[in-house]
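Below is one structure, written out as structure tokens, with a few remarks after it.
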Amino acid sequence: MTSLNFKKTYKFAVKSALYITLFSTGLVGGLLLLFFTFSLQFCLLFALIIGIFSFFVIQYRVEHFIYRGVKKIYDDVSLLDSTTFRSQPITTDMATLTREVKKFATDKKLEIETLKVREEYRREFLGNVSHELKTPLFTVQGYLSTLLGGGMKDKDLRKKYLERAEKGVERLIYIVNDLDMISKFEMGDLNLEYSQFNIIELVQNVFDLLEMNADKKNIILMYDRRYSKPINVYADKEKIEQVVTNLVENSIKYGKENGTTEVTIEDLIKNKIIIRIRDNGEGIEKNNISRLFERFFRVDKSGARSEGGSGLGLSIVKHIIEGHDEKIYIESEFGKGSEFSFTLEKVKTVQPNY
Ligand code: ADP
């Protein structure tokens, strides 16, 4: 690179010196012819001196000029990011410089693009968060203001409104918890704590916890068959419980009255099992399925809101499952029901030898 560069630079000086020499020698020769007697030796000597002199002047000036220019470019660019260029030696090689500056510009462009995307994401996130928090906050505020404005005197009203305000606060806590979780996950802070546990027992726990919710809609929580033996898996127990809870909760929320939520646990391949949570509820339209795992996405914005979700449940589920390097699937038929399933690593049960 450098040798090529110097050849090029010399060429420039040699050529320029040659033009100057030719012109000035020609001029001097012409003037000699006009006013004195022409001398070839004089002309040659003159050409030699002018040639050498102009060559050195041009060579030196050009090198300095380029060096200074290039250094300025380096300094200017370094102002933006002092780490990228400072460490490298300054080059007067134009090809390398152009390449470096181009690379620098591309890197910067990429950086700006990423920042723009992140900014957009941040703005959208903030917008969604405040929107989610507003409804329950205003509800609580509404009930409390009515109480303070005189409603307090009525004993029945007092209890009713305080209970409603409490519900609003509960909902706020629910949303804030979900937000807290999702922002941690999105920062890559999943912190999985692996252990071995019985997945049947975990599902049963979730069933027990959500039985009251299911009863309200007369939904039966059941298994596809009797699971008498434990099925041990290797995962983060608390987080998988969160996944199962979210999915069963959804199956109730979007299930129909007198419906069923059925859990199936099957062997998938050698060391994997798949857990299916199937409901016969409202189902999901095909064009919405791909967006289901987006943060704050809801099929029916107004209807779902009354059900009290945060629109974050499935994003949380996806983060947890993918954090385990496992897969999650959805199958759904609009009007008939949905099935959410995910894989987990099975612990090989060693059969005792008698
Ligand atoms: P939400 O808090 O609104 O329940 P989720 O992320 O859990 O948020 O779910 C996103 C959307 O996916 C829901 O609003 C609902 O429209 C749809 N959905 C989730 N689970 C089911 C299901 N079992 N049946 C039908 N629709 C569902």
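The values are calculated or read from the model by the stated rules, or taken from the named source; none is laboratory data. Keep in mind that what you see is a predicted model, and the values were worked out from it rather than measured. Positions of Cβ are generated from backbone atoms using ideal geometry, with glycine treated the same way; all protein chains shown enter the neighbour counts.
Numbers at a glance
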read-out	value
Residue among Glu132, Glu119 that is modelled with pLDDT under 85 and either not hydroxyl-bearing (Ser, Thr, Tyr) or not assigned by TED's automatic domain parsing to the domain that holds His64 (or both)	Glu132
The stretch 256-303, residues that are part of a loop (DSSP other than H, G, I, E, B) and near the ligand (Cβ under 7 Å from one of its atoms)	Gly281, Glu282, Gly283, Ile284, Leu292, Phe297, Arg298, Val299, Asp300
Top-ranked residue of the stretch 164-190 - restricted to ones that are aliphatic (A, V, I, L, M) and under 30 Å from Gly151 (Cα atoms), ranked as surrounded by the fewest Cβ atoms within 10 Å (Cβ to Cβ)	Ile173
Search result, residues across the stretch 220-255 that are of a type in the set (A, V, I, L, M, F, W, C) and either under 14 Å from Ile199 (Cβ atoms) or touching a residue at least 60 places away in the same chain (Cβ under 8 Å) (or both)	Ile231, Val233, Ala235, Ile240, Val243, Val244, Leu247, Val248
Asn250 surrounded by 13 or more Cβ atoms within 10 Å (Cβ to Cβ), within 15 Å of the ligand (Cβ to nearest atom), closer than 26 Å to Asp180 by Cβ and over 34 Å from the mean Cα position of the chain (by Cα)	no
Test: residue in the stretch 209-221 that is away from the ligand (no atom under 16 Å from the Cβ), in a helix (DSSP H, G or I) and touching a Phe, Trp or Tyr at 6+ places or on another chain (Cβ under 6 Å)	no
Test for Gly142: is it assigned by TED's automatic domain parsing to the domain that holds Asp178 and modelled with pLDDT under 85	no
Conditions (1) at pLDDT below 80; (2) loosely packed, with under 12 Cβ neighbours inside 10 Å; (3) in the same structural domain as Phe12 (by TED's automatic domain parsing); (4) not in a loop (DSSP other than H, G, I, E, B): number failed by Gln88	(4)
Search result, residues across the stretch 256-267 that are in contact (Cβ under 8 Å) with a residue 40 or more places away in the chain and either surrounded by 15 or more Cβ atoms within 10 Å (Cβ to Cβ) or under 28 Å from the mean Cα position of the chain (by Cα) (or both)	Gly259, Thr260, Thr261, Glu262, Val263, Thr264, Ile265
Hey, Lys216 loosely packed, with under 14 Cβ neighbours inside 10 Å, at pLDDT below 90 and out of contact with any Pro (no Cβ under 6 Å at 6 or more places or on another chain) or not	no
